[in-house]
Amino acid sequence: MVFQIFCPGLHEILALLTSQLHPGANHKEDLVFLREVFSERSLGYLMRIHERLRQYEQQSPTPVLHSAACLAEDAVLTVHDTVAQKNFDPVLPPLPDDLDDELEEESVKIVRLVKSKEPLVYLRALFDYSPFEDKAIPCQEAGLPFLQGDILQVVSQDDHTWWQAKRVGDSNLRAGLIPSKLFQQRRLTYQLKCDTYQSPKLPSSPPYAFQNIRILQHTVFCWISASLRRSFRLNRKDRHNSSKDSQPTESEESEFLVYEEVACYQQKPSDKPRLVVLIGSLGARISELKQRAIAENPHRYGIAVPHTTRPRKSHEKEGVDYHFITKQAFETDIQSNKFVEYGEYKENQYGTSLESVRSVLAKNKMCLVDVQPEALKILRTAEFKPFVIFVKPYIPESHHSSRTSSPLGDNGHLTEKELQEMRHSAEQLEQHYGHLVDRVLVKEDSSSACAELKSILEQLEREPQWVPISWVRI
């Protein structure tokens with residue numbers, strides 16, 4: 001039974017096996033062994049494989065070519081070449097035939113890309129702003145309040161009406177809304193037409209010229225007594241213009257002082273020292289303050305030697321006390337715009353020239369000048385990079401008597417009316433020129449004011465300062 005389940009090839013193997021058996025062998029044990037072997041399924045599988053191989057040899061199939069292994073690789077390369085030969089570039093419309101010859105040249109525009117993490121611009125605020133008093137802002141809580149003189153880091157100018165900015169040095173890193181330059185200018189123009197806004201343009205005459213008279217005395221400008229205050233009006237570089245020409249035009253009134261783009265400036269050892277400009281209100285006595293600071297450190301600070309037309313005295317030295325010139329030469333220098341400011345006292349002319357300022361800076365000294373605020377528009381250039389300090393006297397808020405001790409500490413007693421004039425003078429100067437001031441120095445007495453001035457000058461040389469971007473951009 002067992003032998004019948006196997007294929008014919010098995011009979012041949014058995015025939016070969018039985019022919020090799022010895023006659024004296026134990027056939028019974030062999031048969032038992034063979035039966036166990038042939039009962040295994042694995043033997044049947046092996047025999048079937050053997051039969052299939054024999055049939056394969058009899059059919060004699062066509063042999064596989066030796067180059068068949070390269071067919072798959074050739075197929076991949078053929079597909080790759082087909083794709084590579086296709087043109088996937090965008091199809092542009094043809095250029096018209098009637099183009100001008102001037103347009104044949106290619107034009108390239110270079111655009112500066114600003115990274116998202118970099119500030120777009122830094123601005124100095126030239127006005128006070130409170131979003132809680134602004135009815136036009138979309139959300140008052142999202143507004144950023146700031147004061148005149150604050151440095152604003154503008155992070156977004158996408159909107160034409162409201163910019164997003166942060167105050168430099170503020171611990172709050174959240175950006176807030178501020179009015180854009182164009183929007184604020186349009187708003188101020190509307191307020192001006194409605195007579196609800198006073199233009200911050202510089203006045204044609206100083207707000208305290210009717211009280212404050214200055215002359216040249218002992219090589220510096222100083223305040224003179226009240227009895228002489230009305231005796232002399234200080235001339236300036238553009239005083240020859242008529243009063244009509246000095247009034248702002250309609251186009252000038254539309255250009256309001258809103259923001260000023262600034263950059264951080266660190267003075268290098270190779271740079272010339274910056275010009276220090278002192279301006280003061282009534283009673284500040286800035287000439288005395290300047291003299292004291294220079295006297296304590298003459299190798300570090302210098303004064304611009306003024307020009308005069310009066311005769312030289314026996315004890316005076318040319319180029320040290322004054323530059324003595326003729327009246328004709330003085331008038332020529334006026335017409336050539338060589339003076340920062342000039343004036344006449346007792347039929348003699350006095351003036352501070354730009355060249356005198358340059359000569360001090362060329363000696364690597366910090367030049368200290370005290371001028372009328374109107375002279376700032378002449379000095380505020382990239383050449384001088386002036387640092388403007390506004391000096392005003394300390395004035396108590398209220399008084400209980402008509403006479404009180406002087407806030408200056410040196411002039412005895414002042415009446416309440418005189419103190420009111422000093423207070424009004426400081427307010428007027430801050431209103432018209434506060435946007436040009438870098439530091440405010442409140443002078444309570446000469447000693448403390450001089451110490452504070454020296455501290456400011458040391459910081460100016462050591463610490464970086466914010467200046468108009470045109471001063472550092474080459």
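The values are calculated or read from the model by the stated rules, or taken from the named source; none is laboratory data. What you see is a predicted model; the values in this text were computed from it and never measured. Virtual Cβ from ideal backbone geometry, glycine too; neighbours counted across all protein chains shown.
Out of all the residues in region 119-135, is one or more under 20 Å from the mean Cα position of the chain (by Cα), at pLDDT below 90 and over 28 Å from residue 433 (Cα atoms)?
Yes, there is a match, as at least one residue in region 119-135 is under 20 Å from the mean Cα position of the chain (by Cα), at pLDDT below 90 and over 28 Å from residue 433 (Cα atoms).
Does residue 100 count as among the charged types (D, E, K, R), at pLDDT 70 or above and not assigned by TED's automatic domain parsing to the domain that holds residue 258?
So residue 100 does not fit the description; no.
Might you let me know whether region 327-338 holds any residue that is in the same structural domain as residue 424 (by TED's automatic domain parsing), in a loop (DSSP other than H, G, I, E, B) and surrounded by fewer than 16 Cβ atoms within 10 Å (Cβ to Cβ)?
Yes: region 327-338 contains one or more residues that are in the same structural domain as residue 424 (by TED's automatic domain parsing), in a loop (DSSP other than H, G, I, E, B) and surrounded by fewer than 16 Cβ atoms within 10 Å (Cβ to Cβ).
State yes or no: is residue 330 in contact (Cβ under 8 Å) with a residue 24 or more places away in the chain and touching a strand residue (DSSP E or B) at 6+ places or on another chain (Cβ under 6 Å)?
Considered against the rule, which asks whether it is in contact (Cβ under 8 Å) with a residue 24 or more places away in the chain and touching a strand residue (DSSP E or B) at 6+ places or on another chain (Cβ under 6 Å), residue 330 comes out as no.
Just to verify a result, which residue in region 255-279, among those that are touching a Pro at 6+ places or on another chain (Cβ under 9 Å) and of a type in the set (A, V, I, L, M), is surrounded by the most Cβ atoms within 10 Å (Cβ to Cβ)?
Among them, the one singled out is 277.
Collect the residues in region 419-474 that are free of Cβ contacts under 8 Å to residues at least 40 places away in the same chain, part of a helix (DSSP H, G or I), within 27 Å of the chain's Cα centre (by Cα) and within 23 Å of residue 260 (Cα to Cα), keeping them in residue-number order.
459
Answer yes if at least one residue in region 285-296 is in a strand (DSSP E or B) and either crowded, with 17+ Cβ neighbours inside 10 Å or within 35 Å of the chain's Cα centre (by Cα) (or both), and no otherwise.
No: region 285-296 contains no residue that is in a strand (DSSP E or B) and either crowded, with 17+ Cβ neighbours inside 10 Å or within 35 Å of the chain's Cα centre (by Cα) (or both).
Which numbered condition in (1) touching an Asp or Glu at 6+ places or on another chain (Cβ under 9 Å); (2) part of a strand (DSSP E or B); (3) under 12 Å from residue 259 (Cα atoms) is the only one that residue 164 fails?
For residue 164, the failing item is (3).
When you check residue 349 against the structure, is it exposed (fewer than 13 other Cβ atoms within 10 Å of the Cβ) and not in a loop (DSSP other than H, G, I, E, B), yes or no?
Criteria not met by residue 349.
Residue-wise test of (1) touching a Leu at 6+ places or on another chain (Cβ under 7 Å); (2) modelled with pLDDT of 90 or more; (3) among the hydrophobic types (A, V, I, L, M, F, W, C).
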{"site": "396", "(1), (2), (3)": "no, no, no"}
{"site": "400", "(1), (2), (3)": "no, no, no"}
{"site": "406", "(1), (2), (3)": "yes, no, no"}
{"site": "436", "(1), (2), (3)": "yes, yes, yes"}
{"site": "464", "(1), (2), (3)": "no, yes, no"}
